[in-house]
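Here the structure comes first, spelled out in structure tokens, and everything after it is commentary.
What follows draws every value from the coordinates through simple rules; no lab data is involved. Keep in mind that this is a model prediction, so the values were computed, not measured. As a convention, Cβ positions derive from the backbone with ideal geometry for all residues, glycine included, and neighbour counts pool all protein chains shown.
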Amino acid sequence: MQQLAGPLTYQDWDLDKAREAVLEYAGRTGGVMIALHRIQEIFGYIDDSAMPMLGKVFNLSRAEVHGIASFYHDFKREKPGRYTVKVCQAEACQAMGSEKLTEEIKAFLGADFHETSADGNFTLEPVYCLGNCACSPNIMIDTQTYGRVSIDGFKSLASTLAKAVNEQEAK
Amino acid sequence: MVKVYIPRETTADSLGAELLVKAIATEAKYRKLDIEIVRNGSRGACWLEPLVEVETDKGRVGYGPVTLDDVPDLFDADFLNDIQSGGKHAKFLGDVDKLPWFANQERLTFARCGIIEATSVAAYASLGGFVGLKNAMATTPDGIIEEMKASGLRGRGGAAFPTAIKWRTVADCKADQKYIVCNADEGDSGTFSDRMIMEGDPLSLVEGMTIAGLAVGADKGYIYLRSEYPLTQKILNEAIANAEAAGYLGENIQGSGKNFTLEVFMGAGAYICGEETSLLESLEGKRGQIRFKPPLPAIEGLHGKPTVVNNVISLASVPVILEKGGKHYAGYGQGRSLGTMPFQLGGNIKNGGLVEKGFGLTLRQLIEDFGAGTATGKPVRAIQVGGPLGAYFPASLLDTPLDYEEFAKAGGMLGHGGVVVFDDTVNMAKQARFSMEFCAVESCGKCTPCRIGSVRGMEVIDRIVGAKNAEERNAEHIVLKDLCETMESASLCAMGGLTPVPVMSAVKHFVSDFEKEFQDR
């Protein structure tokens with residue numbers, strides 16, 4: 001099971017570029033949420049310098065923007081690894097051994113939740129339900145969900161994905 | 001040209017469907033066979049995914065679950081042309097509709113799901129799609145609401161509030177702008193029916209929301225979708241674009257002079273945003289903290305305007321109600337739980353997936369007849385129904401009928417219809433602690449019983465399981481009970497208010513799990 005072609009490519013942080021990318025959302029319902037998603041899509045995270053900029057664009061205080069960005073689990077404030085691995089912690093996956101799987105994945109990557117493996121490849125995050133509860137346990141890597149994941153399956157997937165990183169960097 | 005159906009849907013995709021599409025297309029090309037791969041949704045039998053279906057002159061036949069290794073064999077068995085020899089293949093299922101799993105269901109809302117190409121307006125219309133909208137346009141807003149009332153539909157998100165009453169409230173409000181908001185923040189563990197319908201029959205949601213707009217006088221709709229569903233987002237946006245192109249969304253819908261526009265809005269991983277007021281805050285671009293009620297969202301909702309907030313399944317059930325009539329829909333189910341419910345069978349289950357059936361079947365029928373028992377083959381010990389805020393039931397309550405009132409009588413709630421099965425290796429003290437932990441992680445922080453009570457709850461449970469003797473343990477049990485009562489009666493919303501339900505049900509039915517000896521086993 002290997003549906004991902006390789007890591008998502010993130011650009012280096014650039015405040016002007018970030019501003020340009022979100023201007024069109026000013027005045028839209030929930031515009032600042034759309035903007036936070038967009039910035040993260042481009043850069044992989046939301047730099048602190050985006051807070052005052054977003055405040056200006058969306059007519060909010062810096063504190064309000066910070067409050068929004070920090071409320072939601074999705075929004076990252078530091079650059080993540082090349083891949084983000086989310087392991088489901090909710091009940092349906094627990095019933096199929098996700099607790100053990102989580103410990104094994106942590107040990108294999110040498111990273112706890114909210115941490116990145118030493119090679120910079122995998123950032124590990126908890127997630128509560130991926131909506132694939134009849135095929136537990138589930139994980140998600142970037143935007144791809146994987147069902148009935150075993151630790152062996154994860155290891156081979158991780159090595160394939162790591163290989164894709166090397167190939168990409170060799171280019 | 002032979003039509004081959006392969007789902008474009010999260011479950012199938014999580015098991016390699018996308019690779020299968022490529023492999024089958026490549027193999028067909030290599031063998032110079034003319035095929036057309038159609039991307040449907042899932043029919044809901046997750047245990048058969050990826051389910052590959054072939055359209056033959058004798059009907060559609062299925063093969064599943066198909067892996068990449070099966071592809072050459074399937075072609076060798078001539079699975080495209082010859083059902084007889086294809087029938088010899090180990091993965092051959094025959095006419096999928098005739099499998100007991102499907103034949104024993106009562107599909108109204110999910111009638112098209114998995115059958116049609118998911119985002120095609122023509123395919124949707126060929127199986128009754130947009131008939132409901134045409135009927136809605138031919139009657140008055142009152143006429144639509146009367147039909148909804150006759151259907152007896154109650155909110156499928158979990159609260160089971162009569163949909164017609166909510167619509168009536170919004171319809172009666174005088175305002176320059178009203179909204180239809182679809183709650184697609186399906187965060188409950190064990191639930192996936194919203195995702196399945198949005199991926200498999202997204203136009204039913206589009207049509208349902210448009211009808212809701214006609215009924216209450218709203219011309220703008222939002223689908224608040226959880227970010228864990230990126231494939232769903234793509235499919236919904238395609239369906240919306242197709243509906244617009246065909247004149248079923250946008251301005252002057254089908255020449256009626258009525259307008260309705262629809263937008264998908266992405267959440268950002270907060271469970272609490274499934275609570276309607278929290279969702280509205282989030283949609284307005286704020287922290288997803290809940291609002292005090294009253295005012296109800298029906299009166300002051302999005303941007304302070306009258307707003308219908310309905311769950312995906314409630315809205316996706318509207319087209320069939322308007323197509324076949326409220327009476328027809330109410331002909332299913334029992335008592336005050338009318339119509340059908342898409343139950344979702346997950347966790348430790350052999351044949352998991354989506355079962356749509358009239359209210360009234362028992363948990364046992366669902367788990368044993370449809371689910372074929374646990375995946376591990378061990379006995380069922382606990383079942384959590386209704387998501388992370390639902391009660392844990394012991395196997396002795398398996399004969400409880402799945403019906404709002406019957407479930408409430410048994411101390412539980414149906415919620416969004418998620419059923420999560422655990423085998424006999426489950427540690428219920430751990431599950432109870434997790435309920436508190438989950439509440440602590442996902443609490444919006446606005447009210448104290450939820451924000452702090454959940455943390456104290458974890459601590460008390462830790463002290464219970466670590467107690468040196470029965471006396472100490474019993475004293476802590478009293479504290480836990482007291483804490484749960486406070487959370488239940490003093491929390492602002494269902495998050496803090498219902499977290500005690502799984503906790504206290506675990507204590508009630510599995511109290512020995514909280515003893516130190518059990519923990520040390």
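For segment B:126-182, what class follows from the C-alpha gyration tensor (a ≥ b ≥ c being the square roots of its eigenvalues): rounded when a/c is under 1.5, otherwise prolate if a/b is larger than b/c, else oblate?
Oblate shape, in that a/c is at least 1.5 and b/c is the bigger or equal ratio.
Could you pull the Cα extents of segment B:53-151 along its three principal axes, largest to smallest, in whole Å?
Ordered largest first, segment B:53-151 gives principal extents of 59, 27, 24 Å.
Sort segment A:15-71 into rounded, prolate or oblate with this rule: let a ≥ b ≥ c be the square roots of the eigenvalues of the Cα gyration tensor; rounded if a/c is under 1.5, and if a/c is not under 1.5, prolate when a/b is larger than b/c, oblate otherwise.
rounded
Need one value for B:187-196: mean number of C-beta atoms belonging to other chains within 10 Å of its residues' C-beta atoms.
Per residue, the average neighbour count from other chains is 5.
Under a Cβ-only charge scheme (Lys and Arg +1, Asp and Glu -1), can you give me the dipole magnitude of segment A:30-171 about the Cα centre, in debye to the nearest 20?
Using only the charged Cβ atoms, the result is roughly 300 debye.
Given +1 on the Cβ of Lys and Arg, -1 on the Cβ of Asp and Glu, and no further charges, what dipole in debye does segment A:15-71 carry about its Cα centre, rounded to the nearest 20?
Result for segment A:15-71 is approximately 120 debye, rounded to the nearest 20.
For segment B:332-423, just list the percent of Cα-Cα distances falling in each 10 Å bin from zero outward, please.
Taking all Cα pairs of segment B:332-423, the binned fractions are 19, 57, 23, 1 percent.
So for segment B:2-103, taking the charge dipole from beta-carbon charges (+1 Lys/Arg, -1 Asp/Glu), which of B:Phe75, B:Val38, B:Ala28 sits furthest toward the positive end?
B:Val38
Go through A:Ala35, A:Pro52, A:Ala69 and say which Cα lies farthest out towards the positive end of the charge dipole of chain A; charges sit on Cβ, +1 for Lys and Arg, -1 for Asp and Glu.
A:Ala35
Can you list the lysines whose alpha carbon is less than 19 Å from that of B:Lys88, not counting same-chain residues fewer than 8 positions off?
Within the straight-line limit of under 19 Å, B:Lys88 reaches these lysines: B:Lys58, B:Lys98.
Amide H of B:Arg156: which non-local residues (sequence gap of 5 or more, or other chain) have their own amide H closer than 5 Å, using H built in the peptide plane?
Long-range HN contacts for B:Arg156: B:Asn311, B:Ser314.
Could you rank the peptides B:8-20, B:29-41, B:486-498 by their average count of other C-beta atoms within 10 Å per residue, with the highest value first?
Ranked by mean Cβ neighbours within 10 Å, highest first: B:8-20, B:486-498, B:29-41.
Set Lys and Arg Cβ to +1 and Asp and Glu Cβ to -1, take the dipole of the protein assembly as shown about its Cα centre, and tell me which of B:Gly213, B:Met1, B:Thr425 lies farthest positive.
The Cα lying farthest towards the positive end belongs to B:Gly213.
With charges only on Cβ, +1 for K and R and -1 for D and E, what is the dipole size of chain B about its Cα centre, in debye, rounded to 20?
For chain B, the charge dipole is close to 760 debye.
Taking Cα atoms, how many degrees apart are the long axis of helix A:98-109 and the longest axis of chain A, rounded to 10 and kept between 0 and 90?
Helix A:98-109 sits at roughly 80 degrees to that axis.
Would you calculate the separation in nanometres between label points at B:Phe161 and A:Ala5, each defined as 7 Å from the Cα along the Cα-to-beta-carbon direction?
Placing both labels 7 Å beyond Cα along the Cβ direction yields 4.6 nm.
Give the shape of segment B:197-305 as rounded, prolate or oblate, defined through the alpha-carbon gyration tensor: a ≥ b ≥ c are the square roots of its eigenvalues, a/c under 1.5 means rounded, and otherwise the shape is prolate if a/b is larger than b/c and oblate if not. The partial results should precede the final answer.
Values: a/c = 2.61, a/b = 1.32, b/c = 1.98.
Judged from the Cα gyration tensor, segment B:197-305 comes out oblate (a/c at least 1.5, b/c at or above a/b).
Give the average, rounded to an integer, of partner chain Cβ atoms located within 10 angstrom of each Cβ in B:6-12.
Rounded to a whole number, the mean comes out at 3.
Where the eigenvalues come from the Cα gyration tensor of the protein assembly as shown, what are the semi-axes √(5λ) of the equivalent ellipsoid, largest first, in whole Å?
34, 32, 30
Calculate the translational D of segment B:2-103 in whole µm² s⁻¹ from Stokes-Einstein, where the hydrodynamic radius comes from the Kirkwood formula applied to all Cα pairs, the temperature is 4 °C and the viscosity 1.567 mPa s.
It diffuses with D of about 97 µm²/s by this estimate.
Once amide H atoms are placed 1.01 Å from N in the peptide plane, what residues at a sequence separation of 5 or more from A:Arg77, or on another chain, have their amide H within under 5 Å of its amide H?
Result for A:Arg77 returns A:Ile46.
Quick one: which residues, 5+ away or cross-chain, put their amide H under 5 Å from the amide H of B:Asp424? H built at 1.01 Å from N.
B:Arg381
Need one value for B:263-275: mean number of C-beta atoms belonging to other chains within 10 Å of its residues' C-beta atoms.
That works out to 4 on average.
Radius of gyration and Dmax for chain A's Cα atoms, expressed in Å?
Computed over the Cα atoms of chain A, radius of gyration and Dmax are 17.5, 50 Å.
Which angle from 0 to 90°, rounded to the nearest 10, does the C-alpha axis of helix A:151-170 make with the longest principal axis of chain A?
For helix A:151-170, the angle is close to 50 degrees.
Take peptides B:138-149, B:196-207 and line them up by average Cβ neighbours within 10 Å, highest first, as a rough protection proxy.
The most tightly packed comes first, giving B:196-207, B:138-149.
Please give the length that would be gained between A:Arg38 and A:Lys106 if that part of the chain were fully extended, namely 0.36 nm times their separation in residues minus their C-alpha to C-alpha distance (nm, one decimal).
Stretched out fully, the A:Arg38 to A:Lys106 stretch lengthens by 21.6 nm.
So which lysines pass the test for B:Lys481, namely a Cα distance under 23 Å, with those fewer than 8 places away in the same chain ruled out?
Cα-Cα hits under 23 Å: B:Lys409, B:Lys430, B:Lys446, B:Lys468, B:Lys508, B:Lys516.
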